[in-house]
Structures are given as C-alpha cells and as structure tokens.
Ligand SMILES: Cc1cc2nc3c(=O)[nH]c(=O)nc-3n(C[C@H](O)[C@H](O)[C@H](O)COP(=O)(O)OP(=O)(O)OC[C@H]3O[C@@H](n4cnc5c(N)ncnc54)[C@H](O)[C@@H]3O)c2cc1C
Ligand code: FES
C-alpha cells in the first residue's frame, strides 16, 4: 500500500542556499540545498518544485525527486535536458533558490507485505533511489538495486549499495534492459521471500515493469512523471490517465495523487 500524502501544513516554500554542486555523470549533477524544514519532513518518493532563477524565463518551477536527505540538507539529482535544468546544473554555490516541498506521496516502505524490496530504476529515474535505500536500511528491510541504462556512462550509481546493473550495449553488467535483469534475478534468487518492486524511470520501462509484475502478481509501486506547473493541484497541468479499481480509465492530477502509483493502475 502507498504511503499517503503529507498534510499540507508540512509543505513550505523556502529560499534555500545551494551548498554544494557535484557532477556525478554525463550531464548529471547532484545539488545540495539547505532547507531544514523540508529535510525534516521528507519521505522517499516526495519531490520539490524549484524556481531555478529569479527571472521570468523560465516562468514555471521545475519538479525534482528528493535524492537524499542529510541533516538540514536535501540533495536533488538533475539531468540537463533543457533551459531550467541547465540553469540549475550551471548554478554556483551560495545561490538561493525558491524550493516548495516536500510534495506528493511517497513509496510504501512501512508495509509488511514484502520480505525483500527490489529497487528498479533506469537513467535519471535512479534519482529517488538513494533516499529510498537509506529509509529501507534504517528500518533493517532487505533491498537490492537493479539499475539500467543505455550504456555504462548512463548508470547513476553514486552512493548506492547492493547494486546489479543492466546496459543495452552490454558495456556494464547484464546485457539487456532492467526488466529482463529483474526476470533473471527472480529466477536465480531463492532467498528473497516475498518481493515488492519500487521503480522509477522512463515511461516505456515503467509500462513494461507494470506488465511484468501484474503477470506474476508481484506488488509494485512506480514513480511516474508528467509535465508539472504548480506541483500542488492548482494548474491542472499534470493530468495523466490511469486505471481505477474497476479497470476503467480515469484522469488524475499526478502532483496530488502521485508521483508514486501502484503498478496495477498502469494500462498495458
Ligand atoms: C515528480 C517529478 C520528479 C522529477 N524528478 C526529477 C529528478 O529527480 N531529476 C531530473 O533530472 N528530472 C526530474 N524530473 C524531470 C524534470 O522535472 C524535467 O526534466 C525538467 O522539468 C525539465 O526542465 P527544463 O526547463 O530543463 O526542460 P525544458 O526546456 O522545459 O524541456 C526540455 C525537454 O524536457 C521535457 N520535460 C519538460 N518538463 C518535463 C517533466 N516535468 N518531466 C519530463 N520531461 C519534461 C520537455 O518535454 C522537453 O523535451 C521530474 C519530473 C517530475 C514530474
Ligand atoms: S502540477 Fe499543477 S495541478 Fe499538478
């Protein structure tokens, strides 16, 4: 079962100072932000909505998963794909940014419906997995990462433990995609007990994973993406179509009901 959203009284908008920026991969940087109130209330799977500069261009904030929490700081892992993310990746320490959060729901890590957590991610979808790993580890829950990318240089493994990798070109780990690695892994491991999949990555990967888990009745929670504006249910910019309990299509606001969605709600 998914963890529910934090009460809105936990959500704050703060001017947060960048304390550190470090490159961790091809066009990817981890940015540390001093924001004690967000760090204190964040749960794995939550995101923040960031105004990347003080100008009107870009006008809208940009959403990022909380990659890590340490003391009064949160880290975000940012892939440079356009105007907003390039401004962030090129920002300097001591710059202040408006950060709204923590937003959205979180991964359901506290349920007793699994013995082993399998954290499946691809590309920049690995961003929320460090915080999820730390949360599981502090609760003494067994976990393994399965991380995929097109090539060795697309794998974002910084800080992760218990990792198996898959690359499309075979340059590191298993040759193939991360869903095929999951299938291989489940066939080889007799000690997992009941597994639950927690995933984040590109949409085609999430769809394939949802189908794989549905066919094997494996519990699965997927962190999903859409274009977002406000991050809090006002602009209706993040509407996505999912299945309801009766298997019928329904539209939801991903910023309010997500970003973490139960796998059975994805249509095939
Ligand atoms: C809940 C959530 C969590 C996210 N977490 C992360 C994260 O941890 N790290 C990270 O690097 N990115 C994350 N993203 C995606 C990130 O928000 C977008 O890459 C970013 O908003 C693009 O901004 P831009 O100004 O650089 O790109 P733009 O110049 O606006 O667009 C460049 C390209 O990015 C695409 N794009 C724009 N916005 C989004 C979006 N919201 N989602 C997907 N593609 C988009 C556009 O279609 C276009 O192809 C997350 C998105 C969501 C919804
Ligand atoms: S991002 Fe504005 S309603 Fe979801």
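Of 148, 108, 101, 84, which residue is in a helix (DSSP H, G or I), closer than 24 Å to residue 258 by Cα and in contact with a strand residue (DSSP E or B) (Cβ under 7 Å, 6 or more places away or on another chain)?
Step by step, each of 148, 108, 101, 84 is checked, and only 84 is in a helix (DSSP H, G or I), closer than 24 Å to residue 258 by Cα and in contact with a strand residue (DSSP E or B) (Cβ under 7 Å, 6 or more places away or on another chain).
Tell me, yes or no, whether region 168-186 has at least one residue that is crowded, with 20+ Cβ neighbours inside 10 Å, closer than 18 Å to residue 104 by Cβ and more than 16 Å from ligand 2 (Cβ to nearest atom).
Scanning region 168-186, I find no residue that is crowded, with 20+ Cβ neighbours inside 10 Å, closer than 18 Å to residue 104 by Cβ and more than 16 Å from ligand 2 (Cβ to nearest atom), so the answer is no.
Six or more apart or on different chains, Cβ under 7 Å: which pairs go from a residue in region 211-232 that's under 15 Å from residue 113 (Cα atoms) to one that's at pLDDT 95 or above and in a helix (DSSP H, G or I)? Could you list them?
Listed by first residue and then by second, the contacts come to 220/209; 220/210; 220/213.
Does residue 22 count as in contact with a helix residue (DSSP H, G or I) (Cβ under 6 Å, 6 or more places away or on another chain) and either without any contact (Cβ under 8 Å) to a residue 24 or more places away in the chain or surrounded by 14 or more Cβ atoms within 10 Å (Cβ to Cβ) (or both)?
Spelling it out, it is not the case that residue 22 is in contact with a helix residue (DSSP H, G or I) (Cβ under 6 Å, 6 or more places away or on another chain) and either without any contact (Cβ under 8 Å) to a residue 24 or more places away in the chain or surrounded by 14 or more Cβ atoms within 10 Å (Cβ to Cβ) (or both).
Step by step: first the residues of region 219-237, then only those that are part of a loop (DSSP other than H, G, I, E, B) and in contact with a strand residue (DSSP E or B) (Cβ under 6 Å, 6 or more places away or on another chain), then the one that is surrounded by the fewest Cβ atoms within 10 Å (Cβ to Cβ). Which residue is that?
The extreme case among them is 233.
Confirm whether residue 159 is assigned to a loop (DSSP other than H, G, I, E, B), away from ligand 2 (no atom under 16 Å from the Cβ) and in contact (Cβ under 8 Å) with a residue 12 or more places away in the chain.
Considered against the rule, which asks whether it is assigned to a loop (DSSP other than H, G, I, E, B), away from ligand 2 (no atom under 16 Å from the Cβ) and in contact (Cβ under 8 Å) with a residue 12 or more places away in the chain, residue 159 comes out as yes.
State all residues of region 162-196 that are part of a strand (DSSP E or B), more than 21 Å from residue 130 (Cα to Cα) and touching a helix residue (DSSP H, G or I) at 6+ places or on another chain (Cβ under 9 Å); if no residue qualifies, say none.
Scanning region 162-196 gives a single hit, 174.
Each row is one residue, and each column tells you yes or no for (1) assigned by TED's automatic domain parsing to the domain that holds residue 220; (2) under 14 Å from the mean Cα position of the chain (by Cα); (3) within 16 Å of ligand 2 (Cβ to nearest atom).
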| position | (1), (2), (3) |
| --- | --- |
| 95 | no, no, no |
| 98 | no, no, yes |
| 108 | no, yes, no |
| 131 | yes, yes, no |
| 135 | yes, yes, no |
| 151 | yes, no, no |
| 164 | yes, no, no |
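Which ones in region 238-266 are in contact (Cβ under 8 Å) with a residue 40 or more places away in the chain, away from ligand 2 (no atom under 16 Å from the Cβ) and in a loop (DSSP other than H, G, I, E, B)?
Hit for region 238-266 is 266, nothing else.
Which of the residues that make up region 54-78 are in a strand (DSSP E or B), near ligand 1 (Cβ under 8 Å from one of its atoms) and either modelled with pLDDT under 95 or surrounded by fewer than 20 Cβ atoms within 10 Å (Cβ to Cβ) (or both)?
none
Let me confirm something: among 214, 265, which residue is more than 16 Å from residue 105 (Cα to Cα) and at pLDDT below 95?
Residue meeting the stated conditions: 214.
Mind listing whichever residues of region 34-47 are crowded, with 19+ Cβ neighbours inside 10 Å and touching a residue at least 60 places away in the same chain (Cβ under 8 Å)?
35, 38, 42, 43, 44, 45, 46, 47
The values are calculated or read from the model by the stated rules, or taken from the named source; none is laboratory data. All values derive from a computational prediction rather than experimental measurement. Every residue, glycine as well, gets a Cβ built from its backbone with ideal geometry; the counts of neighbours run over all protein chains shown.
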